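The values are calculated or read from the model by the stated rules, or taken from the named source; none is laboratory data. Everything quoted here is computed from the prediction, not taken from an experiment. In this analysis, Cβ positions are derived from the backbone assuming ideal geometry, glycine residues included, and neighbour counts consider all displayed protein chains. The accessibility values were calculated without ligands, DNA or RNA, using every heavy atom of the protein model including side chains. Shrake-Rupley method; radii C 1.70, N 1.55, O 1.52, S 1.80 Å.
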Amino acid sequence: MQLMQLFRSSVGRKLFMACSGLMLAGFVAAHLLGNTTLFAGSEAINTYAAQLHKLGPVLWIFRLGLLGALLAHVIFGIWLTLQNRAAKPIGYAKKTTQTTTLAAETMIYTGLALLAFVVYHLLHFTLRKVGLEPSLFSDATGQVDVFRMVVLSFQQWPLVLLYVGGLAALFLHLSHGISSIFQTLGVCNEYLLPLLRKAGFIAALALAAGYLSIPILTYFGLVTL
């Protein structure tokens, strides 16, 4: 009963948004650490990928948990956006500019752009349905050479541009979202909030730059087969 009451209240929905966002941000950071094994060479990233697949059911439980967090974040994000807009059905005769940022004002748009990017990323590298012909990076038994797949993919400038766009959306979303998570959870006050916003901006920049280094360095030949 209490859970349903929390679900129906705007405060409860913001808490669901914050908790799911925290899970997703944690995954983004952990996923980057795994991806950076690419810079250690073919054996390193292929071993990392093989170890992940050896987890079997545990990996799928983790994936389903992430999927649940993603769906919750998207649903509550859209719900809260529509609720906020419904509360202001009539446009202001004169709009006064408050202290805000581009990232804060475009959270719903960068969120939807990220959702589309994640779907493409899964189709590209996880399901291998778009981007490259699988025969280019897998042997006769179907064993995938992850290093070769990544390098061949990011030798194509359209794919690099697509990932640059997706990571720009990630940066904007996280640069506001990280501080918003902790603000919603009530772990900061008016004195800590400016510091937390700066820390969130730096963390978002570091994550986006880390991910961006993979397609950029590969495209310019610093990571090669």
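The table below lists the values:
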item	result
DSSP loop trypsin sites (Lys or Arg not before Pro) with at most 14 other Cβ within 10 Å excluded, longest remaining stretch of the chain	130-225
Kirkwood-Stokes translational diffusion coefficient of the chain, alpha-carbon pairs, 20 °C, 1.002 mPa s, µm²/s	109
FRET efficiency estimate (nearest 0.05) - Cβ-Cβ, residue 206 to residue 79, R0 30 angstrom	0.45
Carbon + sulfur, % of accessible area of region 85-205 - ligands and nucleic acids excluded, 1.4 Å	65
Relative contact order of the chain, defined on C-alpha pairs under 8 angstrom at six or more residues apart (%)	26
Residue of 211, 163, 109 that the Gaussian network model of the chain assigns the largest fluctuation, springs spanning Cα pairs under 10 Å	109
Cα-projected label distance for residue 119 with residue 100, points at 7 Å along beta-carbon direction, nm	2.7
Size of charge dipole - the chain - debye, nearest 20, with Cβ of Lys, Arg +1 and Asp, Glu -1, no other charges	860
Calculated FRET efficiency for the pair residue 185/residue 50, C-beta based, R₀ 41 Å, to 0.05	0.65
Rg ratio (alpha-carbon, reference 2.2 N^0.38 Å) - region 175-225	1.62
Residue-span extension gain [residue 192 to residue 66] - 0.36 nm each, minus C-alpha spacing	42.4 nm
